[in-house]
Structure formats: C-alpha cells, structure tokens
Amino acid sequence: MKTNILTLIIKLVAVVILLQTLFFKFTGAEESVYIFETLGIEPFGRISSGVVELIASILILIPRTTLLGALLAIGTMAGAIVSHIFVLGIEVKNDGGTLFILALITFSCCLYLILINKNKIPDLLKLKI
C-alpha cells in the first residue's frame, strides 16, 4: 500500500513539473524562447520538446504505459540537464537554478518509475504496432 502511494506521488510530481514547464514552452515565455535560441533550435525545439513532454505526461499517468512515458521523459530531462551543464549554465536568466533543479527532480522521479517497472521492459520490446 505504501509503495502504491509513493509511486502515485512520484508520478504526480513528474507530471506536474512536465506540464508546468510545458505551459511556458507553448506560450512562448521569455525564458523558454531564450533557452531554445541559445541552443539554436527556436522555435522547433521548444514546441517539439513541449509535445514530447505532453505525451510523456499522459503516458506516465496511464498504468499500462507508465514505463514508456518515464523513458520518454527521462530522455528529455537528460537533454535538459546536459544543456544546462554544457551550454546554458545552471542558472538561466537569474532563476536561481530552478529550471535545472526541476529537471533533476523530474529525471529522478522517472528513474524511480523505470526501476519499479523494469520487469515490463521485455513486454515493451515485444510491442506490436
């Protein structure tokens, strides 16, 4: 029972962060535009990463597809973390490192979801399209 509640909380934390940052990407917030201009992929990178985060959020919430959503989100967060470390810096536009910390939290939540669902990986590989 405790594991189910913990898992639900971790899912919700990841999804809330993904959806919250998604809002800023889709509305063209100054920080989002700045980040993706600095990376040289504005607006395509901003919009496409937002779409990926939306899909990942939905998949994380559906028990049968949580593993797939967590894999999608962890890849996206890995890209964000690497971008912060090597290109953007930990602090972006005087945010005190908030975006970097949110990426780390989301990455950690998704890593947990992957680890508790690792027994489903063989089924994911057998997925028929």
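The values are calculated or read from the model by the stated rules, or taken from the named source; none is laboratory data. Worth saying up front: this structure is predicted, and the values here are computed from it rather than measured. Cβ: placed from backbone, ideal geometry, glycine included. Neighbour counts: every protein chain shown. Each accessible area value is taken on the protein alone, full model and side chains, heavy atoms only, with ligands, DNA and RNA left out. Shrake-Rupley method; radii C 1.70, N 1.55, O 1.52, S 1.80 Å.
Tabulated data
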| quantity | calculated |
| --- | --- |
| Mean Cβ neighbour count within 10 Å, used as a protection proxy, ranking 22-30, 68-76 highest first | 68-76, 22-30 |
| Unit charges on C-beta of K, R, D, E only; dipole of the stretch 58-129, Debye | 420 debye |
| Separation in nanometres of the label points that stand 7 Å from Cα toward Cβ, at R64 and V33 | 4.2 nm |
| In order through the stretch 32-38: 3J(HN,Hα) via Karplus (6.51 cos²θ - 1.76 cosθ + 1.60), integer Hz, x for Gly, Pro | 5, 4, 4, 4, 6, 5, 4 |
| Semi-axis lengths, Å, the chain, gyration tensor of Cα atoms, sqrt of 5 times eigenvalues | 27, 16, 13 |
| Degrees between helix 66-83 axis and first principal axis of the chain (Cα, 0 to 90, nearest 10) | 30 degrees |
| Cβ-Cβ FRET estimate between I5 and F86, R0 fixed at 35 Å, reported to 0.05 | 0.40 |
| Accessible area of the chain divided out per residue, in Å², using a probe of 1.4 angstrom | 60 Å² |
| In degrees, nearest ten, helix 98-116 long axis to first principal axis of the chain (Cα) | 20 degrees |
| Helical contribution to [θ] at 222 nm, DSSP H n ≥ 4, -39,500 (n - 2.57), averaged over the chain, rounded to 500 | -24000 deg cm²/dmol |
